[in-house]
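To start, the structure itself, in structure tokens.
The values are calculated or read from the model by the stated rules, or taken from the named source; none is laboratory data. Just so you know, these numbers come straight off a predicted model, no measurement behind them. Positions of Cβ are backbone-derived with ideal geometry, glycine not excepted, and every protein chain shown enters the neighbour counts.
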Amino acid sequence: MQTTNLQVRKRIATLFFLFTIVFLLLGTRIFWVQFVRGAELSEKALQNRMRDIPVEAKRGIIYDRNGQELAISISADSVYAIPAEVVSSEEARAIAAKLAAILDGDENNLYDRITRNSSFEWVKRQIQPEQAQQIKEADLPGIGLTEESRRFYPKNTLASHILGISGVDNTGLEGVDFYYNDLVGGTKGRIVVEHDAANRPIPEATHKYIPPVDGANLVLTIDETIQYITERELDKVFKERQAKSAAAIVMDPDTGEILALTSRPTYDPNNYQEYPAQNRRNYAINDAFEPGSTMKIATAAMAMEEKIVGPFSQFYCPGHIKVGKETIRCSGGTAHGNQTFAEIVEKSCNVGFVQVGLDLGLEKYYKYLHAFGFGKTTGIDLPGEAEGIIVPESRAMQIDLATMSFGQANAVTAMQLMAAVGAVANEGQLMQPHLVQQVIDKDGQVIKKYEPKTVRQVVSADTARELCSILEGEVTNGTGKNAYMPGYRAAGKTGTAQKIAPTGGYMANEYVASFIGFAPADDPRLVCIVVVDAPQGYPYYGGWVAAPVFKAIMEDSLRYLDVPQREEIDSTSPPTPEKVQVLVPDVVNLPLAEALSTIKERGLSAKVTGEGNIVWQQTPKAKTKIDLNSEVIIYLSPFEQNGENTEVTIPDLQGKSMKEVAKILADLGLHLLPEGFGLAYEQTPAAGKVVTSGSNIRVKFQPVGE
């Protein structure tokens, strides 16, 4: 069939139409690729050609206040892979096998990693020097080494809860390393090299080195020596008493600078993976506990500021007090009788403080509670600080006020309590505790300086000074006598609080023993708190468990700071050497070695009479003022009259504390054989029986409430 001109023209028109459509489609695609997505695709093309190797910055050094290095960064090689180069070498399986042998890794896992569809893969971070040398010698295609830095802590466990830890990616994970990560961490650098499609470096192409910016250095308020002293003494009580946890803090009350802070159990941040995660918990700021009698310092400050009480205000303690339907008792049911306010502080009288709290009233109590900073964080520059727990004012009742006044119902952290008592030591000014003194660059130039920050004036300077004097009596004459330091006038308060059970109520046999105080009492240089959670054994009171730790920490720290010692003198006579006097310590019921040590510390000598290991009586009596270097006679067995044992009628000991029972029996010349702890509930022989002096009396004790 002959093709007509019309058909030819139709075919040409069709072809032209199709060509036009194709041309338009191609033009549209070119426009889309070139102009709409041009920048994006150019970036992707560049990424395909570029090999971007990260260069980690060195973290800043952390110093103590005297320039001692506590945390530094050291170099370590890390292995990386360029998967495209590994695959193109066609030796991926052999490379994985060699890497597995050098790095002690799994060959299959390494093979999967070095052949992934990515431009860069870490193989292993921060390897050992000998492993790095072997990889260099192996010269494996697509495998390279880059220098990174890792944290090293030259003092090992020292200040571990302050410093925290850093991960392999050079990021702070805990402690000040985490809190100040933006300052200390620095900025990463990069090495950028352009490759062709065959993964060969392109000569004269893009080759960039973007140097890292090293992190700034931190100068802490911590003093390495005081930190060491604090950790040494806390370790002793933690191990000896097999406690669950413990904490100690030392602070300068004038500035809020933390000179030492430690928690137990502890860990070595160089090898933190080898320790239970619980060991990294900072008990000093992360955990809240009922403070017990240490809270009486705050209650006393409130009442004195409001002129409700003065040092010589009179109180009467029958051993118990009724608030609504509830009856509150002093420890062991002791009736203190008539006493001044200063004496209720010294004797830690619960009944007296309940009366003070009720006189204050809920509104004023909560006003000062918030003013002292309870119920909110102190602002310490560490992560994870707890706020504590206080009974909401809207639902607080009189019984809550009564129990809060002597340290129950509310829960506080050691740091909160430290800041509050620091305010009393600092003439009523509450300072914000802090750990960093200044930030400096690698050239030693100060970038930022942290000045002391006054939060508020809580009580007047006069009130604070008057309370300091009362708290000194607590150490000299009261429950805190084990914190007494010859030559340094110490002030403080003991605390013994039953622990709250997880199911509610209080545990029958677990306590938190604490002591908080400062010295010198008339011009405080240091404030120190010691908290021991669930100490094992008897006695478990704060005055026996925590006060000796406070004494040891403060004594060595004050000497280290060259704080001059002072002699105790009789204020009624000129301070001549012959007239230097000291208070006789109470050593009744102490082991012989401890009694001799206590007497020697007061500048006295001891004469030992009798046999045994427990002091049954002493002459002169405790709290008597005698001349320095005088002799104290301690008796290890009961007195004998005319060389013959005398007959003694056994008293009823039920309901009395172990200390009271020991004192009663010692006065009668009888030996105590205790079982359990708490209050006496059973005795053998029974009350009313007649025995000879020197006999053994077995007394069973049980916790209060059982």
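Taking the stretch 102-128 on its own, how many of its residues are among the acidic types (D, E) and touching a residue at least 24 places away in the same chain (Cβ under 8 Å)?
Filtering the stretch 102-128 for residues among the acidic types (D, E) gives 104, 106-107, 112, 121.
Filter once more, so that each one left must be touching a residue at least 24 places away in the same chain (Cβ under 8 Å): 121.
The number of residues fulfilling the criteria is 1.
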Practice prompt. Considering every residue within the stretch 460-481, establish whether at least one is among the polar types (S, T, N, Q), farther than 30 Å from L628 by Cα and free of Cβ contacts under 8 Å to residues at least 60 places away in the same chain.
Written response: no
Item to complete: Among the residues of the stretch 595-614, write down those that are within 18 Å of V475 (Cβ to Cβ), in contact (Cβ under 8 Å) with a residue 12 or more places away in the chain and of a type in the set (G, A, S).
Response: G603
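Assigned to a strand (DSSP E or B) and not polar (S, T, N, Q): which single residue out of V455, V459 fits that description? Steps first, please.
On the way: V459 fails: assigned to a strand (DSSP E or B).
From the options V455, V459, the qualifying one is V455.
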Item to complete: Those residues that are in contact with a helix residue (DSSP H, G or I) (Cβ under 9 Å, 6 or more places away or on another chain) and over 30 Å from A303 (Cβ atoms), I need them from the stretch 432-466; list them, please.
Response: L435, V436, V439, I447, K448
Worksheet item: Tell me, which residue of the stretch 234-254 that is of a type outside the set (A, V, I, L, M, F, W, C) and in contact with an Asp or Glu (Cβ under 8 Å, 6 or more places away or on another chain) is surrounded by the most Cβ atoms within 10 Å (Cβ to Cβ)?
Response: S245
Worksheet item: Could you count how many residues in the stretch 648-697 are part of a helix (DSSP H, G or I) and either among the basic types (K, R) or surrounded by 16 or more Cβ atoms within 10 Å (Cβ to Cβ) (or both)?
Response: 9
Discussion item. As an exercise: evaluate E257 against (1) charged (D, E, K, R); (2) buried (at least 17 other Cβ atoms within 10 Å of the Cβ); (3) modelled with pLDDT under 95 and give the number of the one condition it does not meet.
Written reply: (3)
Worksheet, complete the sentence: Checking L401, L430 in turn, the sole residue that is in the same structural domain as V527 (by TED's automatic domain parsing) and part of a helix (DSSP H, G or I) turns out to be L401
Worksheet item: Only one of (1) more than 30 Å from N66 (Cβ to Cβ); (2) surrounded by fewer than 23 Cβ atoms within 10 Å (Cβ to Cβ) is not met by Q445, so which one is it?
Response: (1)
Response to the item:
Within the stretch 251-302, residues of a type in the set (A, V, I, L, M) and more than 22 Å from K493 (Cβ to Cβ) come out as A277
Worksheet, complete the sentence: Of the residues in the stretch 282-306 that are touching a helix residue (DSSP H, G or I) at 6+ places or on another chain (Cβ under 9 Å) and of a type in the set (D, E, K, R), the one that is farthest from E427 (Cα to Cα) is D287
Practice prompt. Output the residue which, of all residues in the stretch 492-509 that are in a strand (DSSP E or B) and either without any contact (Cβ under 8 Å) to a residue 40 or more places away in the chain or of a type in the set (V, I, T) (or both), is nearest to V530 (Cα to Cα).
Written response: T494
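Kindly check whether there is at least one residue in the stretch 471-483 that is touching a Pro at 6+ places or on another chain (Cβ under 7 Å), assigned by TED's automatic domain parsing to the domain that holds Q339 and farther than 28 Å from L435 by Cβ.
Filtering the stretch 471-483 down to residues touching a Pro at 6+ places or on another chain (Cβ under 7 Å) leaves 481-482.
Among the residues that remain, those that are also assigned by TED's automatic domain parsing to the domain that holds Q339 are: 481-482.
Restricting the remaining residues to those that are farther than 28 Å from L435 by Cβ gives 481-482.
Checking the stretch 471-483: at least one residue is touching a Pro at 6+ places or on another chain (Cβ under 7 Å), assigned by TED's automatic domain parsing to the domain that holds Q339 and farther than 28 Å from L435 by Cβ.
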Worksheet item: Here are some residues: I127, I95. Which one is closer than 30 Å to Y267 by Cβ, out of contact with any Phe, Trp or Tyr (no Cβ under 6 Å at 6 or more places or on another chain) and surrounded by 14 or more Cβ atoms within 10 Å (Cβ to Cβ)?
Response: I127
Worksheet item: Among the residues of the stretch 37-56 satisfying the criterion of being surrounded by 11 or more Cβ atoms within 10 Å (Cβ to Cβ) and among the aliphatic types (A, V, I, L, M), which is modelled with the lowest pLDDT?
Response: L46
Discussion item. Here is a list: E466, E474. Which entry is outside any strand (DSSP E or B) and buried (at least 21 other Cβ atoms within 10 Å of the Cβ)?
Written reply: E474
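For every residue, the table says whether it meets (1) buried (at least 19 other Cβ atoms within 10 Å of the Cβ); (2) assigned by TED's automatic domain parsing to the domain that holds T476; (3) among the β-branched types (V, I, T); (4) more than 30 Å from the chain's Cα centre (by Cα).
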residue: T266; (1), (2), (3), (4): yes, yes, yes, no
residue: E306; (1), (2), (3), (4): no, yes, no, yes
residue: S313; (1), (2), (3), (4): no, yes, no, yes
residue: S348; (1), (2), (3), (4): yes, yes, no, no
residue: F353; (1), (2), (3), (4): yes, yes, no, no
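For the stretch 185-209: of the residues being surrounded by 14 or more Cβ atoms within 10 Å (Cβ to Cβ) and assigned to a loop (DSSP other than H, G, I, E, B), which is modelled with the lowest pLDDT? Lay out the reasoning, then the answer.
Within the stretch 185-209, the subset surrounded by 14 or more Cβ atoms within 10 Å (Cβ to Cβ) is 185-186, 188-195, 199.
This time we only want the ones that are assigned to a loop (DSSP other than H, G, I, E, B), so: 185-186, 188, 199.
Numbers: G185: 85, G186: 81, K188: 78, N199: 55.
The qualifying residue modelled with the lowest pLDDT is N199.
Could you go through the stretch 96-107 and let me know if any residue there is assigned to a strand (DSSP E or B) and either over 21 Å from N170 (Cβ atoms) or not aromatic (F, W, Y) (or both). If you could, list the steps in order and put the result at the bottom.
Filtering the stretch 96-107 down to residues assigned to a strand (DSSP E or B) leaves none.
No.
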Discussion item. So, in the stretch 268-281, how many residues would count as being more than 18 Å from I222 (Cα to Cα), within 17 Å of the chain's Cα centre (by Cα) and in a helix (DSSP H, G or I)?
Written reply: 4
Fill in: Candidate set from the stretch 57-92 (those that are out of contact with any helix residue (DSSP H, G or I) (no Cβ under 8 Å at 6 or more places or on another chain) and farther than 30 Å from V439 by Cα); member that is surrounded by the fewest Cβ atoms within 10 Å (Cβ to Cβ)
E90
Worksheet entry | Answer residue from the stretch 588-616, given it is part of a strand (DSSP E or B) and of a type in the set (A, V, I, L, M) and is surrounded by the most Cβ atoms within 10 Å (Cβ to Cβ) among those | A606
